[in-house]
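What follows is calculated from the coordinates using simple rules that are stated; it is not laboratory data. The structure displayed is predicted, hence computed values, not measured ones. Reconstructed Cβ throughout: ideal geometry from the backbone, glycine too, with neighbour counts over all protein chains shown.
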Amino acid sequence: MALPQQKLDITEDRLVRVSLPESGAWLREARDAALARVRSMGLPHRRDEYWKYTRPDSLVEPAAPDAAVFDPAADDRPFDDIDRVKLYFVDGVFDAEASDDPTLAGVEIERLADVAGTDIHWAKDLYGVLETRGQTPVDRPLAALNSAMATDGVLIRATGKAAKPVSLLYLHKNPTSDAMLHHVIRIEEGADLTLLENGPAAARFNKVLEVDVADGGAFHHVRAQGRDHERRAVTHIFARLGTESIFKSFTLTVNGVLTRNEVVVELTGDDAVAHVAGAALGDGDFHHDDTVFVTHDALNCESRQVFKKVLRNGAVGVFQGKILVKKGAQKTDGYQISQALLLDGDSQFLVKPELEIYADDVVCSHGSTSGAIDEEGLYYLRSRGIPEGPATDLMTLAFLAEAIDEIEDATIAADIVTRLEGWLSRHRG
Amino acid sequence: MLEIKNLHVKLEEEDKQILKGVDLAVEAGTVHAIMGPNGSGKSTLSYVLSGKDGYEVTEGAATLDGADLLDLDPEERAAAGLFLAFQYPVEIPGVGNMTFLRTAVNAQRKARGEDEMSAAEFLKVIRAKAKTLKIDADMLKRPVNVGFSGGEKKRNEILQMAMLEPKMCILDETDSGLDVDAMKLVAEGVNALRNEGRSFLVITHYQRLLDHIQPDVVHIMADGRIVKSGGPELALEVENNGYADILSEVA
Ligand SMILES: Nc1ncnc2c1ncn2[C@@H]1O[C@H](COP(=O)(O)OP(=O)(O)O)[C@@H](O)[C@H]1O
Ligand SMILES: [Mg+2]
């Protein structure tokens, strides 16, 4: 089907400057196919139904809008107390000098740029493959663009329990950087890996993370997106889960003019568990979009989506979340909650929760709320001597607790709470 | 200690006068009781004193040890030594009872320029106080008042009072909804705090509580005013004859 003219225009405008990176055989095929996908889907246009609440223009246009670099001295360095293997990317380019020795993690880690020229690689079965699976039933063209163009990223294969979490640190140093990273992770049978990510990455950042969790494997993911105010980011996670596998992903976002985080999870093996959670806090010029699509295609699987947003001074939060239960995915246990705490009357929360169920023996629930802080509770705390600011913070943390509880590791969860407390104390009414 | 003079209060949102000239003076070290029919304004008085939004003082004054209470934020009143045990304690999902209390204790200390209590010291003190009120470790860990029974909520109020050591304690119907044993626990908790520097204003419907917490003065409130004051025998009179006699006598 031919694209509408407006989509054709923005797509060709963007692609005219693109030449696919030089690659070896395995990657060249993937890039060619990805570019063809972009051409047939067209890049997102603001009239697209899937972009109803978030304007994609600045994520699509050929040149990235500038973004002031956030003072690194002011950064509160998430995960600092956690023993981890650190891999640095500066404006989307791996920095070997600054990074730890990757072998310390006890898993296979390679840099995409290092193996891009080879003819065969295990990642061939996954690179762009999970992304392609995630293009049905909804197009995600910015992810296909990433598969075509990204030159850096990590390829991680875990065959056992990782010795330490792998931590990806994204630094933003150039106010005009336009970065793409593409990571591929394979968790082999019974293996177990924790991935941490933090930092703003670039003025404009497009990231894809493909994760394949084999039977009995476990993948834990916690990210703290950077505190840069002016950055724009679109990220995609594509996860495929085997039998009795576990996938848990939590994202903290504070600040950022535009962030769209898409998570696409496919439960393909029986008894698998997928939890996706997020806490987003914005003050002023902040637009944050969580778009989540969970597909149940096996027996007795559990999925949870828990998204909380704290918005003030005209900040905008978006949640589009879907649970699709395919025919035959009996005994599915699906849960979805999205909530916003509006700290003033100017902020907005736009939601589109969806359930689509083709099996008859399932339990699925979803809910969405938005509201102001509970005045009775606030007065009660104040009447005990807690000043209004800290009392509001306490209530806000309580509001976020259900999302934070999705982080399994207590030390990492405590670290995230520290970030939250810091942000709240800096952004009082 | 607490002095209320000709206090007139209306609802902020509506043209409804609730307190119509309350006069009351509670001296240091004394226990005063306020009784009165439902709707006479007892809870409103306690809310206005502790600083709840939604009320407008149209006339009169309230001071604590000479300081103007009505000018202060609720947290400043608390730090100044005022405490209200709520008739309906508020549930706060997600905020742990213990975290809440430690934050409150330390916020008050900070406001008074005192050193904060260490986590270890706090734990030691709260455990001992919780025990005498039969509050178990689980109740301390749970979110504030969430899933607490009526009696548990009231005991939790008294625990907060014991931890915060206020000088002016207002108890709004702390006895309602309590069985005899729970009421004894609460009364013991209150009596343990009685000393010459601390005063109590006990709002209640029943003589029962006053058997355990002996008041020095009893006031009867009706239609937004204190209409009669007397000794403990006034509470007995209410118990035996209801409010009708007293109200017709002052009408
Ligand atoms: N926020 C409010 N909105 C409407 N009416 C109120 C409010 N607060 C108090 N009132 C009214 O004021 C009167 C006194 O109430 P209250 O102080 O609760 O009495 P008491 O505690 O003596 O039973 C009642 O008629 C009550 O309905
Ligand atoms: Mg009352």
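Here are the numbers for this structure:
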| read-out | value |
| --- | --- |
| Label point 7 Å beyond Cα of A:E354 along Cβ direction - residues of the range A:322-336 with amide nitrogen under 17 Å | A:322-327, A:335-336 |
| Isotropically averaged projected area of chain B, using the convex hull of Cα atoms (one quarter of hull area), nm² | 13.4 nm² |
| Rg to Rh quotient for the protein assembly as shown, alpha carbon positions, Kirkwood Rh | 1.09 |
| In the range A:354-429, GluC sites (Glu not before Pro) in a DSSP loop with at most 15 other beta-carbon atoms within 10 Å | A:E408 |
| Sorted by Cβ density within 10 Å, fewest first, the residues A:T259, A:T136, B:T132 | A:T136, B:T132, A:T259 |
| Rel. contact order, % - alpha carbon contacts under 8 angstrom, at least six apart, the range A:271-399 | 23 percent |
| Convex hull of Cα atoms in the range B:165-251, direction-averaged projection (nm²) | 6.1 nm² |
| Dipole of the protein assembly as shown, positive direction: furthest Cα of B:M221, A:A272, B:A67, with charges on the beta-carbon | A:A272 |
| Listed pairs A:K86/A:K173; B:K5/B:K228; B:K124/B:K153; A:K7/A:K124; A:K124/A:K326 exceeding 20 Å between Cα atoms | B:K124/B:K153; A:K7/A:K124; A:K124/A:K326 |
| Mean residue ellipticity (222 nm) of chain B, computed from DSSP H runs ≥ 4 via -39,500 (n - 2.57), nearest 500 | -11500 deg cm²/dmol |
| Cβ neighbours within 10 Å from other chains - mean over B:106-112 | 3 |
| Relative contact order, percent, the range A:117-253 [alpha-carbon distance under 8 Å, six or more residues apart] | 23 percent |
| Lys, Arg +1 and Asp, Glu -1 on Cβ, resulting dipole of the range A:189-275 about Cα centre, debye, nearest 20 | 780 debye |
| Added length on full extension, which subtracts the Cα-Cα distance from 0.36 nm per residue, B:V125 to B:E59 | 19.6 nm |
| Neighbourhood charge, 14 Å Cβ-Cβ cut-off, centred on B:N145 and excluding it, Lys, Arg +1 and Asp, Glu -1 | 0 |
| Mean Kyte hydropathy of -0.5 or more with a Cα span along the axis of at least 20 Å, helices from DSSP in chain A | A:25-41, A:388-404, A:410-426 |
| Ranked packing of A:41-52, A:235-246, B:88-99, B:150-161, most packed first, by mean Cβ within 10 Å | A:235-246, B:150-161, B:88-99, A:41-52 |
| DSSP-loop GluC sites (Glu not before Pro) across the range B:163-251, with at most 12 other Cβ within 10 angstrom | B:E196 |
| Which of B:G21, A:T332, A:W26, positive extreme of dipole for the protein assembly as shown (C-beta unit charges) | A:W26 |
| Of A:A372, A:A329, A:A403, the one that fluctuates the most in a GNM where chain A has Cα springs shorter than 10 Å | A:A372 |
| Shielding by other protein chains, B:161-169, mean Cβ within 10 Å | 1 |
| Centre separation in Å (Cα based) which lies between the range B:176-251 and the range A:36-70 | 70 Å |
| Computed FRET value (nearest 0.05) for A:E408 with B:H8, which takes r as the C-beta separation and R₀ as 45 Å | 0.20 |
| Chain B, relative contact order [Cα under 8 Å, separation at least 6], % | 28 percent |
| Per-peptide average of other Cβ atoms within 10 Å, ordering A:150-163, A:193-206 highest first | A:193-206, A:150-163 |
